[in-house]
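A quick write-up on the structure given underneath.
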Amino acid sequence: MKRLVLALLPLAAAACTDQPTAMTTEAPTRYLQTLSLSVGHRADITPAGQAEYDSMPAMSSPAVEFLGMDRVTVYTPGGPAGQVQVYHFVATATGETVVTLRSAEGKPVVQDTINVQATVPHGAFAQVSTGFFLNTCALTTRGVGHCWGFTGTGFADSGGDQAKPIYSAPTPVAGGLSFAAISVGGFHTCGVTGDGAAYCWGDNFNGQLGDGSAGASAAPVPVIGGLSFRALSAGVYHTCGLTTAGTIYCWGNNHAGQLGNGALSYTNSSPMLVSGGLSFVAVGAGHEYSCGLTTNGAAYCWGDNDYGELGTGDSATSAVPVPVTGGVSFAALSVGYFHACGLTHDGAAYCWGGNFTGELGNGTTGESTRPVPVTGGLTFASISAGQWATCGVTTDGTAYCWGYNGYGQLGNAAAQFTLDPNPRPLPVSGGLTFATVSTGYLHTCGVTTLDAVYCWGDNSEGELGDGSTTIHPTPVRVFGP
């Protein structure tokens, strides 16, 4: 026998050692590691071996719902592909459920006991960040961080059975910190507290957590250096922060000069001062470049420039800040994967850089090494540049998106899933009134004026936060009160 214990808090992965109290079997005793799930969260269990079983799971209580079973192709290096069964569950109520996962010739073979606890109510949200992969984080109006979506690999028991948690509903960030802002990058996330302290968590192979090491951390660790930050921006493999003094510091990968200190290097685990002596009011970190907005509305960028993402009118890389050409004065700035966008003081949107799927919004798919106006004559209050798409909120609270829509991340019900470019703004369906939006890799999320978060697009890792892994081409509300 074995047991799978799914508990809410703390987020842990400790072995389960107690014995089942119901439904015995002659199978050898095996244990899965503990998974941290709560009401609304999912788990996928993959029995070991390429075998088929002759029954569906039997449930002893309604605390866990069986969502279904499918077969997934597994590729073995140097060997043939095979099909394995995957069972999908979701926690629906507090309680304990004994699950007979499979049987052979009508007899139970493997059983799991799933313990479910109620989620901590998260209340209203103030900010959401989608980053550059399949996860999402948000802050409540009380400053509590919650994240959902991609979490990496699962756990295996002694018999080889795999259990993977899918955080398809908001999960509190460990550590009990209260944040003023949060930013999701590639495989790491950072937040700044109300008193200006910076914390990061996640992957750290390039030093992007800024804690002086290259070790990953599942819980927030403080950025070293004693700096006081006003804002943070997590890029794909690096991070930048704007201090309360108006300077920018960056850390992590610096292969293309994206740290802005005039040097090139790979691992930088402590904050580096951006060169040039400029005074900034905003900062953004992308793939291998960064940008900042000065006090007089001038945009500066530094790092890689293969697609014109520095906005300098050419494709020359720079390890120090260089001015974005065109003489446009910006009030806001957003940095995406290969492109960046800015808003003028009167709400006009301009974008520059890569334009593979129309993410610049100017009606074309040609990259631009200088800012070009977004077509449509819309007046924006906020804008967000993602990986292959861009979204903005107009002054009347309507969200518009443009660029790639292969997974419905533009949020328009009439727009088909397609690889074809969508180079002009499309209104997001649903009639919601948004305050801000955040555009990520294959999904988008927004905070409404009523402090609710809605997401749309890809949901393969639960990154939409609605308790499912179903793609939604129009907004669905994030799970919770």
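The values are calculated or read from the model by the stated rules, or taken from the named source; none is laboratory data. Note that this is a predicted model, so its numbers are computed, not measured. All Cβ positions, glycine included, derive from the backbone under ideal geometry; neighbour counts span all protein chains shown. We work out accessible area using only protein heavy atoms, side chains counted, and drop any ligands, DNA or RNA first. Shrake-Rupley method; radii C 1.70, N 1.55, O 1.52, S 1.80 Å.
Looking for whichever is of a type in the set (Phe, Trp, Tyr) and under 24 Å from residue 345 (Cβ atoms) here; the options are 289, 300, 307, 266. Which one fits? Full working, then the answer.
Details: 289 fails: under 24 Å from residue 345 (Cβ atoms); 307 fails: under 24 Å from residue 345 (Cβ atoms); 266 fails: under 24 Å from residue 345 (Cβ atoms).
On inspection, the qualifying residue turns out to be 300.
Restricting attention to the range 314-325, report how many residues are crowded, with 16+ Cβ neighbours inside 10 Å and part of a loop (DSSP other than H, G, I, E, B).
3
Would you call residue 250 part of a strand (DSSP E or B), open to solvent by less than 10 Å² (accessible area, probe 1.4 Å) and within 27 Å of residue 198 (Cα to Cα)? Step through it out loud before you land on a result.
Numbers: part of a strand (DSSP E or B): yes; open to solvent by less than 10 Å² (accessible area, probe 1.4 Å): yes; within 27 Å of residue 198 (Cα to Cα): yes.
Taking the combined requirement at face value, the residue satisfies it.
Being in a strand (DSSP E or B) and polar (S, T, N, Q) is the filter here; which residues of the range 281-309 pass it? Steps first, answer last, please.
Residues of the range 281-309 in a strand (DSSP E or B): 281-285, 289-294, 299-303.
The answer is 290, 294.
I need the full set of residues from the range 206-227 which are closer than 14 Å to residue 270 by Cα, free of Cβ contacts under 8 Å to residues at least 40 places away in the same chain and out of contact with any Phe, Trp or Tyr (no Cβ under 6 Å at 6 or more places or on another chain), in order please.
Kept after step one, since they are closer than 14 Å to residue 270 by Cα, are these residues of the range 206-227: 206-215, 221-227.
Subset that is free of Cβ contacts under 8 Å to residues at least 40 places away in the same chain: 215, 221-222, 226.
Result: 215, 221, 226.
Could you please give the count of residues in the range 265-307 that are closer than 15 Å to residue 237 by Cβ, open to solvent by less than 40 Å² (accessible area, probe 1.4 Å) and free of Cβ contacts under 8 Å to residues at least 40 places away in the same chain?
The total comes to 1.
With respect to residue 213, is the statement that it is assigned to a loop (DSSP other than H, G, I, E, B) and touching a strand residue (DSSP E or B) at 6+ places or on another chain (Cβ under 9 Å) true?
Details: assigned to a loop (DSSP other than H, G, I, E, B): yes; touching a strand residue (DSSP E or B) at 6+ places or on another chain (Cβ under 9 Å): yes.
When the stated conditions are applied, residue 213 passes them.
Taking residue 216, is it in contact with a Gly (Cβ under 8 Å, 6 or more places away or on another chain) and surrounded by fewer than 24 Cβ atoms within 10 Å (Cβ to Cβ)?
Details: in contact with a Gly (Cβ under 8 Å, 6 or more places away or on another chain): yes; surrounded by fewer than 24 Cβ atoms within 10 Å (Cβ to Cβ): yes.
Spelling it out, residue 216 is indeed in contact with a Gly (Cβ under 8 Å, 6 or more places away or on another chain) and surrounded by fewer than 24 Cβ atoms within 10 Å (Cβ to Cβ).
Only one of these is free of Cβ contacts under 8 Å to residues at least 40 places away in the same chain and surrounded by fewer than 19 Cβ atoms within 10 Å (Cβ to Cβ): 176, 202, 194. Name it. Break it down into steps so the answer makes sense when it comes.
Working: 202 fails: surrounded by fewer than 19 Cβ atoms within 10 Å (Cβ to Cβ); 194 fails: free of Cβ contacts under 8 Å to residues at least 40 places away in the same chain.
From the options 176, 202, 194, the qualifying one is 176.
So the check is Cβ under 7 Å with 6+ separation or different chains; which pairs have a first residue in the range 350-372 that's farther than 12 Å from residue 423 by Cβ and hydrophobic (A, V, I, L, M, F, W, C) and a second one that's at pLDDT 95 or above and assigned to a strand (DSSP E or B)?
352/339; 352/340; 352/368; 352/369; 352/370; 352/371; 352/372
Do any residues in the range 317-336 that are farther than 15 Å from residue 373 by Cβ have Cβ atoms under 7 Å from those of residues that are among the aromatic types (Phe, Trp, Tyr) and crowded, with 22+ Cβ neighbours inside 10 Å, where the two are at least six apart or on different chains, and which pairs are they?
318/302; 319/302; 320/302; 321/300; 321/302; 322/300; 322/302; 323/300
If residue 390 meets every condition in (1) within 19 Å of residue 448 (Cα to Cα); (2) assigned to a loop (DSSP other than H, G, I, E, B); (3) touching an Asp or Glu at 6+ places or on another chain (Cβ under 7 Å) apart from one, which number is that one?
With (1) within 19 Å of residue 448 (Cα to Cα); (2) assigned to a loop (DSSP other than H, G, I, E, B); (3) touching an Asp or Glu at 6+ places or on another chain (Cβ under 7 Å) applied to residue 390, the lone miss is (2).
Please pick out the residue among 338, 356 that is touching an Asp or Glu at 6+ places or on another chain (Cβ under 6 Å) and open to solvent by 20 Å² or more (accessible area, probe 1.4 Å). Please lay out each step first, then the result.
Values: 356 fails: touching an Asp or Glu at 6+ places or on another chain (Cβ under 6 Å).
Exactly one of 338, 356 is touching an Asp or Glu at 6+ places or on another chain (Cβ under 6 Å) and open to solvent by 20 Å² or more (accessible area, probe 1.4 Å), namely 338.
Which of the residues that make up the range 162-180 are touching a Phe, Trp or Tyr at 6+ places or on another chain (Cβ under 9 Å), assigned to a strand (DSSP E or B) and either closer than 21 Å to residue 229 by Cα or at pLDDT 95 or above (or both)?
Selection gives 179 alone.
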